[in-house]
Structures are given as C-alpha cells and as structure tokens.
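The values are calculated or read from the model by the stated rules, or taken from the named source; none is laboratory data. This is a predicted model, so every value here is computed, not measured. Methodologically, a virtual Cβ is constructed for each residue, glycine included, from the backbone with ideal geometry; neighbour enumeration extends over all protein chains shown.
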C-alpha cells in the first residue's frame, strides 16, 4: 500500500531526520526540490508515497493501518536521530501530522493544504465523489466515518502536545481544504495551547498550494525557525 525512499543529508553526520509524505496520488520523485531543501538544511530524509486505494476501497481500516505502519517505520528509523521533522501535503500532511502526534522526538511539523478532517473533505469536496460513493456503499456517512477515525482526525478539540509545534500553509481559494474551515480549527487549537502558525496564499487553489510547498520548503524551514508568529515566508 505504500513505499519509502531514504536520502542522506549533505552534512557528514546528520542528527536530524525529516519524514516527508507525498500527497494523495503523488509520487516521491515529484518532491525532488523539497527533498533537496531538507538535505541542504542538514536532514536525512525518509520519504513516503502511498496508493490511492487507501481511500478508494471505501474501507476506513486502510487509512488507520497505513498511518500505523508508516509511523512504525518512521519511529524505527528515527530512533538513531536527536530530532524528527514531519512534512507533507494534503492527505500526506494528514498522515505526517499523525506521525508527529505519535512519535515523541517529532517536535516539529511543516505542512501544506492541511487543517481539516479527512472525513469532512470526503463528504464535501467534488474531487472525492467516487471515494464518497465507496464509503457510503460500505455503510459510512460523514459522522460514522469521523467517529471511526476519531483517533487520527483533525478536529477542533484534537490539537497536539504543547511541547511540539506546527507550521501550515493553505490556499485561500482551496475548495478541498477550505481556508475558512481550517483556520477556524487552528484557532481552536491555539486557544487550547497548541503551538501552530498558519497562513493562506492568495489566489491559490489546492494544487497550486501543493506546488508552492514543493518549491518553497526552504522558505518554510527559515520561517519555522523564526520566533515571530506574525511573520510570513
């Protein structure tokens, strides 16, 4: 259901690992510039791609199992590093965020087109019409699916450990991860103590925001190290 590739950093003795998860239907090879930015910043990189079948089969256990397996591989590899950075876009961001939730060393996350529950996206976004039909035929509506995925969902009351931090870039015209919906959830997280910074890119839809993330990860790395929560990359 998934595969991974390892890339060594450009430093002689890397103490940091980045876990990068491709988006839904995406391939690792299309993240070359993002991987290079991480390697240049001193990270070894473990990159993951996964099959569309994780949703297209209409079986909610597939996503739960995928997150468990990828988290286990990331944790095993990460055991020899001092810190772990989680990265990803779209469904890959959702998976990477759950890796960050589970692994103690994963203190930082850097995501694109993230911030809403996948169950909500499946039942509201036109692009998921086929997936939606499969889940409905399996007996799941949005509420039932959200309840099934309760342990992994991005919900208003499901932030992250205060010792960890997140940076999220969204597209203001994104019709899959809608900026207004996602920012409302992020504000709830902030009020609960989650350390999250997020910003929207003007006039960008979902695919354009993913492209920005792939090509500007070096800017996000600098932004994440900034102490100002009002700055933007």
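Numerical summary
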{"item": "Listing of helices (runs of 4 or more DSSP H) fully contained in region 127-219 that carry 3 or more residues being closer than 25 Å to residue 106 by Cβ and within 18 Å of the chain's Cα centre (by Cα)", "result": "179-191, 206-215"}
{"item": "Which numbered condition residue 228 misses (of (1) assigned to a helix (DSSP H, G or I); (2) surrounded by fewer than 16 Cβ atoms within 10 Å (Cβ to Cβ); (3) modelled with pLDDT under 95)", "result": "(1)"}
{"item": "Counted residues, region 160-176 - those being touching a strand residue (DSSP E or B) at 6+ places or on another chain (Cβ under 6 Å) and either in contact (Cβ under 8 Å) with a residue 40 or more places away in the chain or surrounded by 21 or more Cβ atoms within 10 Å (Cβ to Cβ) (or both)", "result": "7"}
{"item": "In region 68-79, the residues that are free of Cβ contacts under 8 Å to residues at least 24 places away in the same chain and in a helix (DSSP H, G or I)", "result": "68, 72, 76"}
{"item": "Test set (1) over 15 Å from the mean Cα position of the chain (by Cα); (2) assigned to a loop (DSSP other than H, G, I, E, B); (3) buried (at least 22 other Cβ atoms within 10 Å of the Cβ) - residue 105 fails condition number", "result": "(3)"}
{"item": "Test: residue in region 80-91 that is in a helix (DSSP H, G or I), in contact with a helix residue (DSSP H, G or I) (Cβ under 9 Å, 6 or more places away or on another chain) and either in contact (Cβ under 8 Å) with a residue 60 or more places away in the chain or farther than 26 Å from residue 127 by Cα (or both)", "result": "yes"}
